[in-house]
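One structure is given here, and the rest of the page talks about it.
The values are calculated or read from the model by the stated rules, or taken from the named source; none is laboratory data. It should be emphasised that the depicted structure is a prediction, and the values quoted were computed from it without experimental measurement. Note: ideal-geometry Cβ built from the backbone for every residue, glycine included; neighbour counts use all protein chains shown. The protein model used for the area step is the full one, side chains on, heavy atoms only, and it has no ligands, DNA or RNA in it. Shrake-Rupley method; radii C 1.70, N 1.55, O 1.52, S 1.80 Å.
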Amino acid sequence: MLRHYRLVACFVLLCQIGFGGEIISSAISTPVRAVKTNTLIAIDGILSEPEWQLPPAFSELLQREPNEGKPATERTDVWIAYDNDALYIAARMHDSAPDSIIARLSRRDQYTNSDDCAIYIDSYFDHRSGFYFGLNAAGTLYDGVMYNDDWDDNTWDGVWEGKVSVDDKGWSAEMRIPYSQLRFQNKEKHVWGVNFIREIARKNEKSYLAFTPKTESGFVSRFISLIGIDNIEPPRRLELLPYLSTKAEYKRHSANDPFNDGSRYSAGVGADLKFGIGSNLTVDATVNPDFGQVEVDPAVVNLSDVETFFNEKRPFFIEGSTIFNFGYGGANNNWGFNWGNPDFFYTRRVGRAPQGSVPDANFADVPTGTHILGAAKITGKLGDSWNVGSINALTSRESAELDTNGHRFKAEIEPLTYYGVFRAQKEFDSGRQGFGFISHISARSFSDNRLRDELNTRSFALGFDGWTFLDSAKVWVITGWAGMSNVRGNQARMLSLQQSSSHYFQRPDAGHVEVDSAATSLQGYAGRIALNKQKGNFYVNAAFGFINPGFDVNDLGFQWRTDVLNGHLVFGYKWTEPNEITRRITLNASHFRSYDFSGNPIWMGIWNSGYVQFVNYYSIQWWAAYNPETINNRRTRGGPLSINPPGFEVGCNISSDDRKDWTVFVEGNMYTSQKDADRSRNLTVGIEYKPAPNISVSFQPSFSWYRTVSQWLTRIDDNTATATYGSRYLFASLDQRELGASIRLNWTFTPKLSLQMYVQPLISVGDYSQIKELARPRTYEFNTYGEGNSTVAKVDGEYRIDPDGAGPAQGFTVSDPNFNFKSLRGSAVLRWEYLPGSTLYLVWTQERVDESDPGQFRFGRAMSHLFRTQPDNIFMVKLSFWTNP
């Protein structure tokens, strides 16, 4: 008992490390005052107006980087003015070496290592959220929103003005921010929160009016009060963004294809509408949207049973999307080990490729995406502290046109579908507690009953989340969420869903799940609770989560797996004071475990990582993990359990100083398991070159090698396979090599005109050998065909297998699984913002695909085949016009 008390005492002592002295994090302690102006302020970066000749609102800034808490090395004067329509910001960045100012021109919101400044505004004065507006010394604009006190999101694009000017004293910036771009209450006298940052790139210096110490958390809650803004009203907010587009497609096609002669031309028209409901709610609506200007997704080769997750890139869905974040509020760290938090709202579901099967035909014309007829989004606040968000979307009924021997017909492959999401979150006691919920619903209207066997009729999900701080200093916080799901469909669809890779109810040795062939619905639940220490040099994070086997949010959300109980404990320590060698050091250690609902340990391990930044701004990061033997309940894809042999992983990343014209990083990792079960090696090199202040070129090649003796092939039903419950679960040894690269060119001609090019070549080759079957459950033992009494022969591109020779088992065939996937994807986008909020896009995308020489990795031949293959080319012009009627 005494030993336990000593352990607790040591733990409490460690948790207090880093609280010996409080850092002064605000440059001033008195409110900042804005001045009323009645003159017309020209936004040109030249501070000639009378308002900018008055004493500045503030001049003192404090460093967060590199010397925390020290005064900024260069003086900065900031003025704030307002009139009945807008807020005006002026800043003079004095510089003792103006010829050393780094001014790199880039596209809006694209980060470059440049001198810059930004104003942060908490116009709700809720100490949790706000907006920021920034300029770099070359005139590039960037903006975004802040939420959860510490986090920011740059996907929001406001319509505002900003200009800069560089002279022999340094540089200056002017901004005009219309009230229509802010959200605030309707009152006579306003008090907002304000903060300011200045970055001096050559010194890696970041100085704030009020900063967050490196061992603490909370950013918006530290803002200084902004006073003096009186007798203004939230404006009537109405914005209209109509667009016109035209597209020319030149694609590969088969001879005599009646639907595709190699060319197709189309035009589109649509509009986005934004308007305010009162002063706190905003409605965004889109009719017949066209997202042809977004960058293409990278090509991937996925041999797993888990869907590939792609990030959202469509502006309508990413702007203001932070309100739909669920389960993360309150904490500044959300660790996960072998845990994939389900997303209740995955926006890529809306407008995805049609999901229904396409009937057999000689020729088919199949839509690549589901057309969004219209969508509306409501975001903002109700009252003083309810944050709300809602999206409603309707996607069209899609059909494939088919031709068989001259007979044409249509088949529905996606029904008319409604998607709806509602999110609300309320904060209490200045953000010390929070509570929220999210719900989603999808409903389909079928005209072809064939699809009822393939798709859910409707689905519903509901989740609650929240947090509470355990102490007045906001050091310890508990966060958590819980949710349920309900999916409905006919018996055939529910049978298929139960047996899908998300659930695997058919597992023969899983006593806690079973297939119900009469079911017309599927229900499930999930949740997680976490404890986080978020102040001090020493930090702790612990979590426990669960997803029961029937939980399913995939209709409108995304989930990686079900049937899991997962927990972890992380300890870490960070050194933030620079010394002669390093600027900061971080060390972490953790233990994690995962079980299924039968109590089988399906993954566990210990993990260590570290990070060191040196005084020259080079850095090194490393990680290592050991995983003991566990049970695998997914390898046989609905079959019996098998074993995960013990293994270990190590990895490292080394990065250079990103202030330089040339920057480089190298990252490598390896995983090796016992019994020669799995081995992988990965190497990535990233190189970026900035030949001019407005041009950057990056080249990121990568090579991976993966070797396993248990790559899934298929299942063969066989009553004689009694050891594995009447089925043979087939695997093979796989030698997979993958070579790819990400190549980017960013060329910014002016702050309004830019060119972006992206190219991704990929060669992925899989060479299969030693086809085998699982010998018995709960082992990592296999019967290799061709050994003992079994026979295997490769004939005409397929393997003919007899598992027991002269025995009673029937022979079967397996297609040759070797592959050689070669792809070249690229896009070029010329973007011109010819008026504030109005944009012209010229877009070219190209894709080449070749799959010759399966199983053979020959770089020269692969590239030759790839460049000889006929490409798919798409050219698009899109013109949008923003108006504020």
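Would you mention how many residues in the range 496-512 are aliphatic (A, V, I, L, M) and within 19 Å of S727 (Cα to Cα)?
Within the range 496-512, residues that are aliphatic (A, V, I, L, M) and within 19 Å of S727 (Cα to Cα) number 1.
Taking only pairs six or more apart or across chains, which ones have beta-carbon atoms under 8 Å, a first residue in the range 805-817 that is farther than 12 Å from A793 by Cβ and surrounded by fewer than 16 Cβ atoms within 10 Å (Cβ to Cβ), and a second residue that is among the β-branched types (V, I, T) and modelled with pLDDT of 90 or more?
Correct list of pairs: G805/T791; G807/T720; P808/T720.
Is at least one residue of the range 290-297 modelled with pLDDT of 90 or more and open to solvent by 40 Å² or more (accessible area, probe 1.4 Å)?
no
Select the strands (runs of 3 or more DSSP E) contained entirely in the range 395-471, then report the ones holding at least 1 residues which are open to solvent by 30 Å² or more (accessible area, probe 1.4 Å) and among the β-branched types (V, I, T).
398-404, 433-445, 458-469
Of the residues S764, S742, S754, S698, which is touching a Ser or Thr at 6+ places or on another chain (Cβ under 9 Å), without any contact (Cβ under 8 Å) to a residue 60 or more places away in the chain and part of a strand (DSSP E or B)?
Being touching a Ser or Thr at 6+ places or on another chain (Cβ under 9 Å), without any contact (Cβ under 8 Å) to a residue 60 or more places away in the chain and part of a strand (DSSP E or B) holds for just one of S764, S742, S754, S698, which is S698.
Can you find a residue in the range 370-391 that is buried (at least 18 other Cβ atoms within 10 Å of the Cβ), of a type in the set (K, R) and assigned to a strand (DSSP E or B)?
Among the residues of the range 370-391, at least one is buried (at least 18 other Cβ atoms within 10 Å of the Cβ), of a type in the set (K, R) and assigned to a strand (DSSP E or B), which makes the answer yes.
So F324 passes all but one of these: (1) open to solvent by less than 60 Å² (accessible area, probe 1.4 Å); (2) more than 15 Å from the chain's Cα centre (by Cα). Which condition number does it fail?
The number of the failed condition is (2).
Among the numbered criteria (1) of a type outside the set (S, T, Y); (2) more than 24 Å from the chain's Cα centre (by Cα); (3) under 26 Å from D657 (Cα atoms); (4) open to solvent by 30 Å² or more (accessible area, probe 1.4 Å), which one does R715 miss?
Exception for R715: condition (3).
Look through E307, E312 and report the one residue that is touching a strand residue (DSSP E or B) at 6+ places or on another chain (Cβ under 8 Å) and either surrounded by fewer than 17 Cβ atoms within 10 Å (Cβ to Cβ) or in a strand (DSSP E or B) (or both).
Sole residue among the options that is touching a strand residue (DSSP E or B) at 6+ places or on another chain (Cβ under 8 Å) and either surrounded by fewer than 17 Cβ atoms within 10 Å (Cβ to Cβ) or in a strand (DSSP E or B) (or both): E307.
Could you check, for the range 748-757, whether at least one of its residues is open to solvent by less than 40 Å² (accessible area, probe 1.4 Å) and in contact with an Asp or Glu (Cβ under 8 Å, 6 or more places away or on another chain)?
No, the range 748-757 has no match at all.
If you scan the range 536-545, which residues turn out to be open to solvent by 30 Å² or more (accessible area, probe 1.4 Å) and either more than 30 Å from W575 (Cα to Cα) or of a type in the set (D, E, K, R) (or both)?
none
What do you reckon, is A692 among the hydrophobic types (A, V, I, L, M, F, W, C), at pLDDT below 95 and out of contact with any Pro (no Cβ under 6 Å at 6 or more places or on another chain)?
In short, yes.
Just to check your reading of the model, which residue among R252, R202, R222, R236 is of a type outside the set (D, E), under 23 Å from D77 (Cα atoms) and surrounded by fewer than 19 Cβ atoms within 10 Å (Cβ to Cβ)?
R202
Per-residue answers, yes or no, for (1) of a type in the set (S, T, Y); (2) under 28 Å from the mean Cα position of the chain (by Cα); (3) open to solvent by less than 50 Å² (accessible area, probe 1.4 Å):
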residue	(1), (2), (3)
N789	no, no, no
R800	no, no, no
W832	no, yes, no
L835	no, no, no
T845	yes, yes, yes
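May I ask you to verify whether R176 is at pLDDT 95 or above, outside any loop (DSSP other than H, G, I, E, B) and open to solvent by 50 Å² or more (accessible area, probe 1.4 Å)?
The answer is yes for R176.
Give F345, F363, F326 a once-over and let me know the one that is touching a His at 6+ places or on another chain (Cβ under 9 Å), at pLDDT 90 or above and not polar (S, T, N, Q).
F345
Which one of these does W560 not meet: (1) under 30 Å from T212 (Cβ atoms); (2) modelled with pLDDT under 95; (3) of a type in the set (F, W, Y); (4) surrounded by fewer than 19 Cβ atoms within 10 Å (Cβ to Cβ)?
(1)
Could you run through the range 511-532 and say how many residues are of a type outside the set (V, I, T) and either part of a strand (DSSP E or B) or crowded, with 16+ Cβ neighbours inside 10 Å (or both)?
12
Got a number for residues in the range 800-857 being polar (S, T, N, Q), over 30 Å from P178 (Cβ atoms) and touching a Phe, Trp or Tyr at 6+ places or on another chain (Cβ under 7 Å)?
Going through the range 800-857 one residue at a time, the tally reaches 3.
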